[in-house]
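The values are calculated or read from the model by the stated rules, or taken from the named source; none is laboratory data. Please read all numbers here as calculations on a predicted model, not as lab measurements. Reconstructed Cβ throughout: ideal geometry from the backbone, glycine too, with neighbour counts over all protein chains shown.
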Amino acid sequence: MTSLIRIQGAATAPANPQAMSGRAETTGKVGRDLLERAVALALRAPSVHNTQPWRWRVRRTEVELHADPTRHLVDTDPGRRDLLISCGAALHHLRVAVAGLGAAVDVEYLPDPENEQHLATVRLVDGRPDPSAAALFGQLERRHSDRRPYSAQAVPAGRLAALVSRAARHGVLALPVIDPTVLHRVNEVLRSAAREQRRVPGCLAELLLWTHRYANAHDGVPRGAVPTRTGLWDQPHLQRFPAGTLAPCRGSGTSGGTDGGTLLLLATPRDDAAARLAAGEALSAVLLAATRAGLATAPLSQAVELPSTRTRLCAALRMPDEPQILIRIGVPLPGAAPLAPTPRRPLASVLLRP
């Protein structure tokens, strides 16, 4: 049985100038309205194939996060790793939103051992919001997965170190893949994962389902979020999705020049539900902090979805920890056009009855 973990909101000053001052108003309609606003912002969290596999129950002073089993990719993600990481990212987005709106919270993880879908309960408490979370508030609607090529400029070492530190606050190891030999091995694992998953009928069916959504769908990966098929498609991080319509950045060419992007692996000491939720929170923290630093990002889950490629990834990195997800991080190309937001379900469609 997974042990219960609690995190208390920090009693320090809010970073958002619009935040409530002094003691947070956490009762009655004020508390519920604040939580509904925070959940609406949390819906911007990244998720595997943009499935948005979460449901929320909002009460007067607390909100519950539940996994949505109807959006579980049973063939791509039989062990629920992607689902739990996606929900962990949404949970961290919620914590950032609550902090940015001026409230402090207490988080109870996996509160019901008899209900594996109930992942966390977030309660408003007296005190001031967590400043490290509130500092990321402005990035909730700015962050997008950028699958285009990145600049040849390497990610500055100081910014990379700051992202590693962000993940560490959640008990998650963030390992930059810098050594060229190791990077070559990891890229080979990514290519192998793309080949092997396309031979699994269920995985291919799920990929097609979530990348060929009906017009005006509120979920899935639209073609406009995936680069066109050019010479850039020899890069392993672009081999998961079918060809899209996202035009290459100005000056990127079509044969793939030097790309200074860095792969960052998130790993945990254990591989249970709590660890996967923590990896999701760390993923959110890294993505939002990278956006704040002007960096482009894209999560990569494919290498950990098959047991065979997951084992090879461990061997390639020669590490004892459990790999959870990779993140591609880089400096955007000069003149890169802003990315259009990917669709999200409306708030009413993800709320459970109180």
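Miscellaneous remarks
- Residue match in the range 195-203 (condition: under 21 Å from the mean Cα position of the chain (by Cα), at pLDDT 90 or above and either more than 28 Å from Gly260 (Cα to Cα) or not assigned by TED's automatic domain parsing to the domain that holds Pro307 (or both)): yes
- Leu175 being outside the structural domain of Gly280 (by TED's automatic domain parsing) and either surrounded by 14 or more Cβ atoms within 10 Å (Cβ to Cβ) or part of a helix (DSSP H, G or I) (or both): no
- Selection status of Val63, part of a strand (DSSP E or B) and either more than 15 Å from Ser284 (Cβ to Cβ) or at pLDDT 95 or above (or both): yes
This table checks each residue for (1) surrounded by fewer than 22 Cβ atoms within 10 Å (Cβ to Cβ); (2) at pLDDT 95 or above; (3) not in a strand (DSSP E or B).
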{"residue": "Met20", "(1), (2), (3)": "yes, no, yes"}
{"residue": "Glu36", "(1), (2), (3)": "yes, yes, yes"}
{"residue": "Asp77", "(1), (2), (3)": "no, yes, yes"}
{"residue": "Leu84", "(1), (2), (3)": "no, yes, yes"}
{"residue": "Ala90", "(1), (2), (3)": "no, yes, yes"}
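- The condition (being surrounded by 20 or more Cβ atoms within 10 Å (Cβ to Cβ), under 14 Å from the mean Cα position of the chain (by Cα) and at negative phi) is satisfied by just one residue among Leu313, Leu277: Leu277.
- Every condition in (1) part of a helix (DSSP H, G or I); (2) at pLDDT 95 or above holds for Leu326 except the one numbered (1).
- In the set Val182, Val221, only one residue is assigned to a helix (DSSP H, G or I), surrounded by 13 or more Cβ atoms within 10 Å (Cβ to Cβ), β-branched (Val, Ile, Thr) and assigned by TED's automatic domain parsing to the domain that holds Val304; that residue is Val182.
- When His144 is tested against (1) of a type outside the set (Lys, Arg); (2) in contact (Cβ under 8 Å) with a residue 24 or more places away in the chain; (3) farther than 30 Å from Pro78 by Cβ, exactly one condition is not met: (3).
- Residue pairs whose Cβ atoms lie under 8 Å apart, sitting 6 or more positions apart in sequence or on different chains, and linking a residue in the range 272-300 that is assigned to a loop (DSSP other than H, G, I, E, B) to a partner that is surrounded by 24 or more Cβ atoms within 10 Å (Cβ to Cβ) and not hydrophobic (A, V, I, L, M, F, W, C), are Leu295/Gly330.
- Test: residue in the range 242-261 that is in a loop (DSSP other than H, G, I, E, B), modelled with pLDDT of 75 or more, touching an Asp or Glu at 6+ places or on another chain (Cβ under 8 Å) and not small (Gly, Ala, Ser): no
- Per the conditions (1) closer than 30 Å to Ala337 by Cβ; (2) buried (at least 21 other Cβ atoms within 10 Å of the Cβ), the sole criterion not satisfied by Gln139 is (2).
- Residues considered: Val98, Val125. Of these, the only one that is over 19 Å from Pro53 (Cβ atoms) and crowded, with 24+ Cβ neighbours inside 10 Å is Val98.
- So Ala298, is it small (Gly, Ala, Ser), modelled with pLDDT of 95 or more and under 25 Å from Thr76 (Cβ atoms): yes
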